[in-house]
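Here's the structure, in structure tokens; my notes come after.
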Amino acid sequence: MPSPETFKRGQVVGALWRVWSGGGDDKVPAAFSTRIRKLGELGVPLSRKEKPGRAGIDSRYTVEHGFELGVALKCLESGLKQGEVAYFMYHIRDDLRECYRAIMASPPSPGQNILAKDRPNSPACMVVTGGNPAALGDPRRSNVSDNSIYMTFRTVEIPGAQGASKAKKKEIFVPKFHRGLESVTEEIERLAQYIGDDVRIVIELSNFAVLLTEALKVVPQMRRGRQ
């Protein structure tokens with residue numbers, strides 16, 4: 001089995017920014033680079049054993065490392081703190097890599113429709129009976145493949161031990177990965193049946209995975225040094 005293609009840190013940062021900025025700006029803002037650097041110091045996306053271990057040798061990143069890093073950035077944007085995100089990524093790292101492979105086995109094409117008959121391993125788009133005929137109620141949606149994958153997870157803030165401290169600890173529960181909008185809808189509908197367990201963070205992963213993969217193909221190699 002051939003070794004996976006690898007990239008320098010600057011290339012990954014550049015590719016991520018290209019996705020975040022919609023491809024319109026190749027100059028990476030310092031704040032964006034700093035956020036990624038701090039995640040790296042906390043072990044995202046490279047574990048300690050994946051780092052070179054000595055000065056003068058550049059770390060190498062696979063596209064799956066870049067995918068994990070992007071998901072971490074999305075989690076930061078949802079309001080989680082850096083330490084919480086690092087802990088979360090550490091525990092779902094293998095799941096994210098499996099998810100990336102599943103996405104690329106039947107990838108979406110952002111902005112374009114793919115016929116359901118051409119993607120038998122993906123569900124067809126959901127059609128809502130009686131829904132808006134120009135949107136989810138359009139019966140022609142059943143002919144289109146739904147190649148989307150989402151991640152949902154729950155967080156709960158737990159008060160300090162014995163109430164002696166005002167500090168709160170955030171507990172992050174095991175995420176679920178959903179193939180297709182219908183799967184996400186079923187999860188949201190299930191939440192409506194429970195009081196006290198009715199909040200989820202939803203993150204789209206499939207379009208992001210494709211856009212990042214394409215960005216890594218064209219982003220220039222950066223000079224060594226802090227980006």
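The numbers here are math on the coordinates, done by the rules we state, and not lab data. Everything numeric in this text was worked out from a predicted model, so none of it was measured. Every residue, glycine among them, receives a Cβ derived from its backbone with ideal geometry; neighbour counts consider all protein chains shown.
Taken one residue at a time, the phi angles of region 35-41 give Karplus couplings (6.51, -1.76, 1.60, θ = phi - 60°) of 4, 5, 4, 5, 5, x, 5 Hz. Gly and Pro are set to x. Normalised by 2.2 N^0.38 Å, where N counts its residues, the alpha-carbon radius of gyration of the chain equals 1.14.
The HN-Hα couplings worked out from phi for region 118-134 by the Karplus form 6.51 cos²θ - 1.76 cosθ + 1.60 (θ = phi - 60°) are 8, 10, x, 8, 10, x, 7, 4, 6, 10, 8, 4, x, x, 4, x, 8 Hz, whole numbers, x standing for Gly and Pro. Springs between Cα atoms under 10 Å define the GNM used for the chain, and in it the highest mean-square fluctuation of Gln11, Gln82, Gln112 occurs at Gln112. Annotation: extensible slack from Val202 through Lys51 equals 51.3 nm (criterion: 0.36 nm per residue apart, minus Cα-Cα distance). Under a model in which nothing but the beta-carbon of Lys, Arg (+1) and Asp, Glu (-1) is charged, region 1-122 shows a dipole of about 300 debye around its Cα centre.
Simple point charges give the picture: +1 on the Cβ of Lys and Arg, -1 on the Cβ of Asp and Glu, and for the chain a dipole about the Cα centre of about 1140 debye. Only aspartates and glutamates eight or more places from Lys81 in sequence, or on another chain, were considered; those with a Cα closer than 15 Å are Glu41, Glu157, Glu171.
Annotation: aspartates and glutamates with alpha-carbon distance below 14 angstrom to Lys176 (same-chain offsets under eight excluded): Asp94, Asp95, Glu98, Glu186, Glu187, Glu204. In this rough spin-label picture, where each label sits 7 Å from Cα along the Cβ direction, the Gln112-Glu171 distance is 4.6 nm. Among Gly40, Gly79, Gly196, the largest mean-square fluctuation in a Gaussian network model of the chain, built with springs joining Cα atoms closer than 10 Å, belongs to Gly196. Per residue, the average separation of C-alpha pairs within less than 8 Å and at least 6 apart gives the chain a relative contact order of 23 percent.
Per residue, the chain reaches -12500 deg cm²/dmol at 222 nm when only DSSP H runs of four or more residues are counted, each adding -39500 (n - 2.57).
Rounded to the nearest 20 debye, the dipole magnitude of region 71-119 is 120 debye, with +1 charges on Lys and Arg beta carbons, -1 on Asp and Glu beta carbons, and the Cα centre as origin.
Here the 3J(HN,Hα) profile of region 65-71, calculated from phi with Karplus coefficients 6.51, -1.76 and 1.60 at θ = phi - 60°, is 4, x, 5, 4, 4, x, 5 Hz, Gly and Pro shown as x. Please identify, among Ala116, Ala105, Ala192, the residue showing maximal mean-square fluctuation in a Gaussian network model of the chain using a 10 angstrom Cα cutoff. Of Ala116, Ala105, Ala192, the Gaussian network model singles out Ala192 as fluctuating most. Counting Cα-Cα pairs of region 29-130 in 10 Å increments starting at 0 gives whole-percent bin shares of 12, 35, 27, 18, 6, 1, 0.
Residues whose amide H falls under 5 Å from that of Val144, counting only those 5 or more places apart or on a different chain, are Ala116, Cys125, with hydrogens built in the peptide plane.
A Förster radius of 41 Å, combined with the Cβ-Cβ distance separating Arg190 from Asp58, puts the computed FRET efficiency at roughly 0.35. Compared with the direct C-alpha span, the chain from Arg154 to Ser78 gains 26.2 nm at full extension, assuming 0.36 nm per residue.
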